[in-house]
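Q: Structure below; questions to follow.
Read the figures in this text as sums done on the coordinates, not as results from a lab. Everything numeric here is computed off the predicted structure, so don't read it as measured data. Using ideal geometry, Cβ is built from the backbone for each residue, glycine included, and neighbour counts are taken over all protein chains shown.
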Amino acid sequence: MTDLRRIPVEPFTEKSFAPFGVVVGPREDGPDFKGNASDGWLLPFEAQGGAQLMYSRFRHQPMRFSVLERHFGVTQGFVPLNGTPLVMVVAPPTPRTGPDAAPRPDSLRAFLLDGTRGLLMHDGVWHTLDRYPVRPPHVDVLFLTARATQEELMREQAGGPKPVLTELHDFADAGIAFEVAGV
């Protein structure tokens, strides 16, 4: 029997998301520089082995899952396009090895992005494999990652070796699944 745990959706703010990363958008403390007719905010994106930009589409589906993943050597980012709201589920980074390496089931948090701002996750933050659009048919996002991370995942998909820059954890092994609530 599966233990279905509900994760409440919470607002996506600089303060609420700070343990997991940064909000991509204007910050409350003002711009880092000003141009002739523009303002600019610096973002702490880092990627070992070079950056990879992708256009990704996540189709509307039930907000249920059991698998989380994390990546090493990159501050992955997701910026929704077209103003489509989405839910992002994350858990704090954990040690790479040892008894506390897996995320705790009670550490997962679900954030509602309204479609006007994105996020950059800290290195090693656990997250669901999907982003969850609030309404059909889908959400399109600009996805920022490390070239090495994406190349490893593509090699694995083609039957290659298991990645070393990405780690998965499946709560189903412990009989646990999750559902986002309150959207």
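Q: Compute the length gained on full extension between VAL67 and MET54: take 0.36 nm times their separation in residues and subtract their Cα-Cα distance, giving the result in nm to one decimal.
A: Answer, rounded to one decimal: 2.5 nm.
Q: For ALA101 and ARG5, what does the FRET efficiency come to when R0 = 30 Å and r is the distance between their Cβ atoms, rounded to the nearest 0.05?
A: E between ALA101 and ARG5, to the nearest 0.05, is 0.90.
Q: Be a star and scan the stretch 109-152 for residues whose amide nitrogen sits under 16 Å from the point 7 Å along the Cα-to-Cβ vector of THR13.
A: So the set is 110-114.
Q: Something else: In percent, what relative contact order does the chain have, based on Cα pairs under 8 Å that are 6 or more apart in sequence?
A: 37
Q: Out of all DSSP beta bridges in the chain, what portion is antiparallel? Express it as a percent rounded to 5.
A: Here the antiparallel bridges make up roughly 80 percent for the chain.
Q: Given only helices, namely DSSP H runs of n ≥ 4 each adding -39500 (n - 2.57), what is the per-residue ellipticity at 222 nm of the chain, to the nearest 500 deg cm²/dmol?
A: Per the formula, -2000 deg cm²/dmol.
Q: Quick one: net charge around ARG5, please, counting Lys, Arg +1 and Asp, Glu -1 for every other residue with C-beta under 9 Å from its C-beta.
A: Net charge in that neighbourhood comes out at -2.
Q: Moving on. Given labels modelled 7 Å from the Cα in the Cβ direction, how far is it in nm from MET154 to ARG135?
A: 3.5
Q: Another question about this same structure. If r is the Cβ-Cβ distance from ASP114 to GLU179 and R0 is 22 Å, what FRET efficiency results, to the nearest 0.05?
A: Between ASP114 and GLU179 the formula returns 0.55.
Q: Report, to the nearest 10°, how far helix 147-157 tilts away from the longest principal axis of the Cα atoms in the chain, using its own Cα long axis and a range of 0 to 90°.
A: 30
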